[in-house]
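Notes to accompany the following structure.
The values are calculated or read from the model by the stated rules, or taken from the named source; none is laboratory data. It should be emphasised that the depicted structure is a prediction, and the values quoted were computed from it without experimental measurement. So basically every Cβ, Gly included, is an ideal-geometry build from the backbone, and we count neighbours across all protein chains shown.
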Amino acid sequence: MARYSDPVCRICRREGLKLFLKGSRCYTKKCSFERRSTPPGMYAQRRRKVSEYGLQLREKQKVRKSYSVLEKQFQNYFEKAEKRKGVTGENLLRMLEMRLDNVVFRMGLATSRAQARQLVSHGHFAVNGRPTNVPSFGVKVGDKVEVRESRRSREIFKTTAETMKSAQVPEWVSSDASKLSGTVIAEPAREQMPLEFNEQLVVEYYSR
């Protein structure tokens, strides 16, 4: 499974926005973006005014890297979103939000999407009682996501219940800290998805 292996704090600095890629660390003074928010590179301060295409590209990269999706996979999501009824940009974000690794993160079962992706790929979770190790698995309304019974004694899950209690769980999912599980109540509305994204720029990028 391909994945980004370079320092993720460089991504936030490059996009000019804190993407919370390192979980709880992003909320502390150790956050690299807080200490140095300028873009990486020797000539970062000398860059010229960004063109319209540049703005579209940066927005597409911002969304793609936030969900840790590869280029081809992201393009496939866009093509599917374009064929669905409704607003293409919102459809795209909704499909990304309904990925299993993101749902695990939203329920508070992981502190970041990166951790959620790793836990899912290691087979720690089950969807409707069936073990699933595919981070891109599309979760549907009514699906129950839980830590498998045989994995709950693992060291990494000993503090998960406390993490779930303090997590900011969106309204479209529910979570049960005592059972290390959660349920997808509904598909997320636009106001329940990341507001810092301008999905229209992504649509314009692929509509060139």
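Within the set of pairs 6 or more residues apart or between chains, which connect a residue that is closer than 15 Å to residue 105 by Cβ inside the stretch 133-149 to a residue that is among the acidic types (Asp, Glu) and outside any strand (DSSP E or B) with Cβ atoms less than 6 Å apart?
Close Cβ pairs satisfying both conditions: 135/101.
In the stretch 88-109, how many are within 23 Å of residue 57 (Cβ to Cβ) and either touching a strand residue (DSSP E or B) at 6+ places or on another chain (Cβ under 9 Å) or free of Cβ contacts under 8 Å to residues at least 24 places away in the same chain (or both)?
Counting residues in the stretch 88-109 that are within 23 Å of residue 57 (Cβ to Cβ) and either touching a strand residue (DSSP E or B) at 6+ places or on another chain (Cβ under 9 Å) or free of Cβ contacts under 8 Å to residues at least 24 places away in the same chain (or both) gives 3.
Here are some conditions: (1) outside any helix (DSSP H, G or I); (2) among the hydrophobic types (A, V, I, L, M, F, W, C); (3) under 28 Å from residue 90 (Cβ atoms). Residue 120 meets all but one. Which one does it not meet?
(1)
For the list (1) in contact (Cβ under 8 Å) with a residue 40 or more places away in the chain; (2) among the acidic types (Asp, Glu); (3) exposed (fewer than 14 other Cβ atoms within 10 Å of the Cβ), I need the number of the one condition that residue 204 fails.
Looking at each condition in turn, residue 204 falls short on (3).
Go through the stretch 168-182 and give me each residue that's crowded, with 18+ Cβ neighbours inside 10 Å and either under 19 Å from residue 129 (Cα atoms) or out of contact with any helix residue (DSSP H, G or I) (no Cβ under 6 Å at 6 or more places or on another chain) (or both).
Matches in the stretch 168-182: 173, 175, 177, 180, 181, 182.
Quickly run through the stretch 137-153 and pick out the residues that are under 15 Å from residue 116 (Cα atoms) and either in a strand (DSSP E or B) or out of contact with any Leu (no Cβ under 7 Å at 6 or more places or on another chain) (or both).
Across the stretch 137-153, the qualifying residues are 138, 145, 146, 147, 148, 151.
With at pLDDT below 95 and closer than 25 Å to residue 172 by Cα as the only criterion, which of 77, 43, 53, 67 stands out?
One residue alone meets the criteria, 67.
Filter the stretch 167-202 for residues that are among the polar types (S, T, N, Q) and in a strand (DSSP E or B) and give the result.
Once the filter is applied, which keeps residues that are among the polar types (S, T, N, Q) and in a strand (DSSP E or B), the stretch 167-202 yields 174, 175, 181, 183.
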